Amino acid sequence: MSNLRTEFKQGQEVWLDKDLSNYSKVKVLSQTPNKLITMVYVTDTISKISTQWEVMTNRLSEIKKPKCYNCKYAGQTFKLGNVSHQHCEHPKYKKEQFESGELSAWDTVNKFSDTCNDHSFREVAS
């Protein structure tokens, strides 16, 4: 869960009660000036009816986007031109594949903001 006064943007998708078993993905409608209360809503996909309610802001969590920069397999960041890149260090890339010439270093280069099917979020120390 976020801290008590996290600022969220209107229309931003966030988790409500992410740490509980019945969490929900909701969208932010507005926040009080002191950011203690956030108005959220969810739209039913079948009936298209929106339901909105007020919640304490600390019950909301940002939805992380799976990108190379937050993947546990991301290597050191480096620049190619003006763009940041990282080598993917996923275990599927075996040392033998590089030694045999089947893979080259270029096969594992990704842009900093790319994502892939093998993404796994990096553990965050708390």
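The values are calculated or read from the model by the stated rules, or taken from the named source; none is laboratory data. Just so we're clear, the structure is a prediction, and the values are computed from it rather than from any experiment. Every residue, glycine as well, gets a Cβ built from its backbone with ideal geometry; the counts of neighbours run over all protein chains shown. Ligands, DNA and RNA are stripped out before the accessible areas are found, and what is left, the full protein with its side chains, is counted by its heavy atoms. Shrake-Rupley method; radii C 1.70, N 1.55, O 1.52, S 1.80 Å.
Computed about its Cα centre, the charge dipole of the chain is approximately 360 debye, with only Lys, Arg, Asp and Glu carrying charge at their Cβ. Taken along the Cα-to-beta-carbon direction at a fixed 7 Å, the label points for Lys48 and Trp106 span 4.9 nm. Other residues within the sphere of radius under 13 Å centred on the Cβ of Thr43, judged by their own Cβ, net out at +1 (K and R +1, D and E -1). Projected label points at Lys64 and Lys95, each 7 Å from Cα along the beta carbon direction, are separated by 2.9 nanometres. In the structure shown, do any of Lys18/Lys64; Lys25/Lys65; Lys67/Lys95 have a Cα-Cα gap over 22 Å, and if so which? Going by Cα-Cα distance, Lys67/Lys95 fall outside the 22 Å limit. The portion of the accessible surface of the chain made up by carbon and sulfur, rounded to a whole percent, is 50 (1.4 Å probe; DNA, RNA and ligands excluded). What does the accessible area per residue of the chain come to in Å², with a 1.4 Å probe and no ligands, DNA or RNA counted? Accessible area per residue: 72 Å².
Relative to its residue count, the chain spans a Cα convex hull of 175 Å³ per residue. 222 nm [θ] for the chain, helices only, -39500 (n - 2.57) per DSSP H run of 4+, per residue, to 500? Helix contribution divided over all residues of the chain: -1000 deg cm²/dmol. Counting every pair of alpha carbons in the range 64-126, the share spaced more than 17 Å apart comes to 43 percent. Working from Cα pairs under 8 Å separated by at least six residues, relative contact order for the chain is 21 percent. Under the criterion of Cα pairs below 8 Å and six or more residues apart, the relative contact order for the range 7-52 equals 27 percent.
So, counting K/R as plus one and D/E as minus one, what does the shell of residues with Cβ under 14 Å around Gln10 add up to? Combined, the nearby Lys, Arg, Asp and Glu give +1.
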